[in-house]
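Participant: First, the structure itself, so that you have it in front of you.
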Amino acid sequence: MGMKIVLATRNGGKIAEIRNILGGLDVELLDAGDFPPFPEPREDGETFLDNALTKARAVHGATGMPALADDSGIEVDALEGAPGVRSARYGGDGLSDGERCLKLLEALKGVPVEKRGARFRCVMALYPGPREGAGPLVTEGMMYGRVAAETAGGNGFGYDPVFLVPGRGVTVAQMTPEEKNAISHRYRALVEMKWLLVREFGLEPEQCIE
Ligand code: ITT
């Protein structure tokens, strides 16, 4: 394996998906568990990009290695894009993923199905970039759907049980990991990141890179 990248996230759901989607690329993926404990940075940026760069810089600082961060969340039309960049803290610190899903359903109580549009957004940032002065590598991916009327499914993580996939009649949490990883916001951001890594670091392209 040529290059090593450390994943700048402590979210096990994200780590599993990123490993799965980047599998096949000639890169060794490490995560925080491969290093002595280091403090987590405060994620108080105004944008997904701010937070992704904060996480990638902090993990690069602690490990000395190129770090790939994922900042993501759900943006709900009827809530003017909330919870958005604050998705992980929606409803206050200390709630479980399940409690946050219920909180979102509560906020949309009485909102009809056609007004329940939402999207998942994922911003990926690799820091440092390939060359001095080149800046970090940044990509973004979206998945469009609707907030369901009730929770359903036990796969995935976060808001997956309340996110309906258009045309499929199921929530993301009712899909298999393979099905989610073929269409998700994270998948879309990572496909672009793969192409950037191949171009900027001279990696071998996968045989059938999307
Ligand atoms: P790290 O900062 O360590 O990466 P985190 O879980 O705090 O972990 P974020 O700050 O990016 O990550 O917050 C993301 C929020 O959006 C959090 O509530 C997730 O559950 C949710 N989320 C992100 N991707 C998701 C996905 O694919 N499906 C469902 N919910 C998702």
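Participant: Let's test the formula: R0 of 35 Å, r as the Cβ-Cβ distance of residue 82 and residue 26. What FRET efficiency results, to the nearest 0.05? Can you show the working numbers first?
Facilitator: Numbers: r = 40 Å, r/R0 = 1.14.
My answer for the efficiency is 0.30.
Participant: With labels modelled as points extended 7 Å from the Cα through the Cβ direction, what inter-label distance (nm, one decimal) is found for residue 38 paired with residue 155?
Facilitator: 3.4 nm
Participant: Show the residues, 5+ positions off or on another chain, whose built amide H is closer than 5 Å to the amide H of residue 3.
Facilitator: Close amide H contacts, sequence-distant or interchain: 28.
Participant: While we're on this one: Whole-Hz Karplus ³J(HN,Hα) for the range 17-22, in order, using 6.51 cos²θ - 1.76 cosθ + 1.60 and θ = phi - 60°, x for Gly and Pro?
Facilitator: 5, 5, 4, 5, 6, 8
Participant: Now, a different point. Karplus couplings for the range 179-186 from phi (6.51 cos²θ - 1.76 cosθ + 1.60, θ = phi - 60°), rounded to Hz, Gly and Pro as x?
Facilitator: Values, residue by residue: 5, 4, 5, 8, 9, 6, 3, 5 Hz.
Participant: Nearest 10 degrees, 0 to 90: what angle lies between the long axis of helix 48-63 and the longest principal axis of the chain (Cα atoms)?
Facilitator: Rounded to the nearest ten degrees, it is 40.
Participant: Something else about it: Can you give me the relative contact order of the chain as a percent, contacts being Cα pairs under 8 Å and 6 or more apart?
Facilitator: On the way: 392 pairs, mean separation 40.5, N = 210.
Contact order relative to length: 19 percent.
Participant: List 176, 9 from most exposed to least, where exposure is judged by having the fewest other Cβ atoms within 10 Å.
Facilitator: Details: 176 10, 9 22.
By the 10 Å Cβ count, ascending: 176, 9.
Participant: For a quick check: with amide H placed at 1.01 Å from N, whose amide H comes under 5 Å from residue 170's, ignoring anything fewer than 5 positions away on the same chain?
Facilitator: Those lying under 5 Å, H to H, from residue 170 are 165.
The numbers here are math on the coordinates, done by the rules we state, and not lab data. Since we're looking at a predicted model, the values are computed, not measured. No Cβ is skipped: glycine too gets one built from the backbone with ideal geometry, and neighbour counts run over all protein chains shown.
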